[in-house]
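The values are calculated or read from the model by the stated rules, or taken from the named source; none is laboratory data. Only a predicted model underlies this, so the values are computations on that prediction, with no experimental measurement involved. Please note: Cβ atoms are built from the backbone with ideal geometry, for glycine as well, and neighbour counts cover all protein chains shown.
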Amino acid sequence: MKTKIYIVRHAEAAGNINGTFQGMTDCEVSEKGKRQLELLKPYFADIPIAAIYSSPLKRTMATAEAVNGKHDLPIHAVYDLHEINGGIWEGNTWDSLSSSYPDLYEKWSDYPHEFCALGGESMQDVYDRMKHAIDTIARECKGKTVAVVSHGCAIRNFLCYAMGIPFSNLNDVIWLENTAVNLVEYDERQNVSVKFINDTSHLSNRDMTLAHQTWWRNGKNDQTEVCLS
């Protein structure tokens, strides 16, 4: 029996609209983010979710509550689902980061698998903990359908693993819209496959975040389409 895991990126929060590195900074959901959450609720209303797991940060827990909607399930906070710890990058604008740390900014943009800010964690650490966290959830919920709520960079790392893309090619994985839904399946041997990513069918264009911004875009990162496997 397949284990289905819906992986959801959090709703828009402060860092998503002011062009700052959000990371572990515990931002509240924005006004548009609140609208996104209302639109997300019907998406999961008729999906037979057996359990919900979330990063413990405010923006993810608020999103998990929307996923919960009519299900009335406990939300399990899992620390390893948190966003990358950006160390000295936390709270700084992308413009200031590009000028103050040009070499590290180039790694973030073009060679993200090599990224590690002073006082933070490496991208490899994010990849390893996300893989471990969601693999563990899949083992504990074998044969069930569950939801996991996490963050853009963190989910991107897990999708790199789930899609079978070499970690050095992390930039081949698209950035996700806020509240975008992804679905992976685990078989009985714990092999994972991706069914779809970046589903924003619950959002209108005006309710999207990345579709109306340019500050985050860079080369291969300028991707918002839905990819199916």
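Here are some notes:
- Conditions (1) closer than 19 Å to Ala180 by Cα; (2) assigned to a loop (DSSP other than H, G, I, E, B); (3) at pLDDT below 95; number of the one not met by Ile47: (3)
- Scanning region 91-133 for residues that are outside any loop (DSSP other than H, G, I, E, B), aromatic (Phe, Trp, Tyr) and modelled with pLDDT of 95 or more gives Tyr105, Trp108, Tyr127.
- Region 79-90: number of residues that are in a helix (DSSP H, G or I) and among the acidic types (Asp, Glu): 1
- Complete set of residues in region 1-28 that are of a type outside the set (Phe, Trp, Tyr), more than 15 Å from Thr63 (Cβ to Cβ), in contact with a helix residue (DSSP H, G or I) (Cβ under 6 Å, 6 or more places away or on another chain) and part of a loop (DSSP other than H, G, I, E, B): Gly19
- Only one of the listed residues (Tyr101, Tyr79, Tyr53, Tyr105) is of a type in the set (Ser, Thr, Tyr), exposed (fewer than 15 other Cβ atoms within 10 Å of the Cβ) and either in contact (Cβ under 8 Å) with a residue 24 or more places away in the chain or more than 16 Å from Tyr6 (Cα to Cα) (or both). That residue is Tyr79.
- From the list Thr179, Thr209, Thr214, the lone residue that is over 18 Å from Ile5 (Cβ atoms), among the β-branched types (Val, Ile, Thr) and modelled with pLDDT of 80 or more is Thr209.
- Of the numbered criteria (1) surrounded by fewer than 18 Cβ atoms within 10 Å (Cβ to Cβ); (2) at pLDDT 95 or above, the one Lys70 fails is (2).
- For region 183-198, a tally of residues being surrounded by fewer than 24 Cβ atoms within 10 Å (Cβ to Cβ) and touching a strand residue (DSSP E or B) at 6+ places or on another chain (Cβ under 7 Å) returns 9.
- Looking only at residues in region 157-171 that are assigned to a helix (DSSP H, G or I) and out of contact with any helix residue (DSSP H, G or I) (no Cβ under 7 Å at 6 or more places or on another chain), the one that is surrounded by the most Cβ atoms within 10 Å (Cβ to Cβ) is Ala162.
- Some residue of region 186-198 being under 26 Å from Lys58 (Cβ atoms), free of Cβ contacts under 8 Å to residues at least 24 places away in the same chain, not in a strand (DSSP E or B) and not aliphatic (A, V, I, L, M): no
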